[in-house]
Amino acid sequence: MKDLEPNLIKISATARASKEPDQVELDISFYGECNEKDECITQYNKDLSAILLALDNIGFDKESIRQSGFKVYPHKESVYEKVGEDKDDYYYRTEMVKGYEYESHATLLMDADEDLYGNAWLALLETDGSFSFQFDFGLKDEASVEKELLASAVEQAKARAEILASAAGASLGRIASIEHTVRNTFDGYAGHFLCCEDSCMSTPSNENMIPDFNPDDITVYCSIEAAWFIEQS
């Protein structure tokens, strides 16, 4: 405790719980280069249709695949031309458009069933196109876990505050302030997903090409910082 008013007790507490992942998010990234804008759109539509068909063939509804934007932009290259013939003369830089690039994303949520996402992996591996994909393991209802943990953290903090107040010959009064933070083991941890770039898309697939998916449990942490008024007995 530091920088506190004399009539306050400030306590921090953290509650945690580990849960087995019950949801998988398939994230597909489309990208490519073309000479003209319309070629980019044509290529994207071709790749998207191939993916939708591949996933539809193994039982996924096309409507469940959500797309998040499509962008086409010029591919520019710098050209340098020297102004003058003297060695101290400078170079003039200009940018020239050398075709176009495009990118887009699509996502699909599915149950964390190994047969389900294993089939999806193989289906995409067999599909030609300019895209990469990855699987992220998560929780369907992380909000409920957070709610339980926050309640537990508050109870822990209050119990400690009551012990300290009692030891100081005082009693715990009304709460003055409370703040909380929530995080899980996915934050900044790349080990929870496996991805495949287009360099391996043309390889014939078989069951041995499915990675050994064995995701860790997801640990959710809820931390609170609360302050109570203390009352002299």
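With the condition kept exactly as written, say whether any residue in the range 46-65 is under 19 Å from the mean Cα position of the chain (by Cα) and either in a loop (DSSP other than H, G, I, E, B) or surrounded by 16 or more Cβ atoms within 10 Å (Cβ to Cβ) (or both). Yes: one or more hits.
Is at least one residue of the range 123-132 among the acidic types (Asp, Glu) and outside any loop (DSSP other than H, G, I, E, B)? I'd like the intermediate steps shown before the answer.
Keep residues of the range 123-132 that are among the acidic types (Asp, Glu), which gives 126, 128.
Checking the rest, the ones that are also outside any loop (DSSP other than H, G, I, E, B) come to none.
No: the range 123-132 contains no residue that is among the acidic types (Asp, Glu) and outside any loop (DSSP other than H, G, I, E, B).
With respect to the conditions (1) farther than 28 Å from residue 143 by Cβ; (2) touching a strand residue (DSSP E or B) at 6+ places or on another chain (Cβ under 7 Å); (3) not in a helix (DSSP H, G or I), residue 40 lacks only one, and its number is (3). Answer yes or no as to whether residue 68 is in contact with an Asp or Glu (Cβ under 6 Å, 6 or more places away or on another chain) and either under 30 Å from residue 170 (Cβ atoms) or modelled with pLDDT under 90 (or both). Judged against the criteria, residue 68 is not a match. When the range 159-176 is limited to residues that are touching a strand residue (DSSP E or B) at 6+ places or on another chain (Cβ under 6 Å) and in a helix (DSSP H, G or I), the one that is nearest to residue 232 (Cα to Cα) turns out to be 165. Among the residues of the range 140-168, those identified as surrounded by 15 or more Cβ atoms within 10 Å (Cβ to Cβ), within 25 Å of the chain's Cα centre (by Cα) and modelled with pLDDT of 90 or more are 145, 146, 149, 150.
One residue is enough: does the range 87-104 have a residue meeting the conditions among the hydrophobic types (A, V, I, L, M, F, W, C) and modelled with pLDDT of 90 or more? First the steps, then the outcome.
Within the range 87-104, the subset among the hydrophobic types (A, V, I, L, M, F, W, C) is 96-97.
Retained after the next criterion (residues that are modelled with pLDDT of 90 or more): none.
No: zero hits.
Might you let me know whether the range 179-188 holds any residue that is modelled with pLDDT of 90 or more and surrounded by 14 or more Cβ atoms within 10 Å (Cβ to Cβ)? Yes, the range 179-188 contains at least one residue that is modelled with pLDDT of 90 or more and surrounded by 14 or more Cβ atoms within 10 Å (Cβ to Cβ).
The values are calculated or read from the model by the stated rules, or taken from the named source; none is laboratory data. Since the structure is predicted, the reported quantities are computational estimates derived from the model, not experimental observations. Cβ atoms come from the backbone with ideal geometry, glycine included; neighbour counts cover every protein chain shown.
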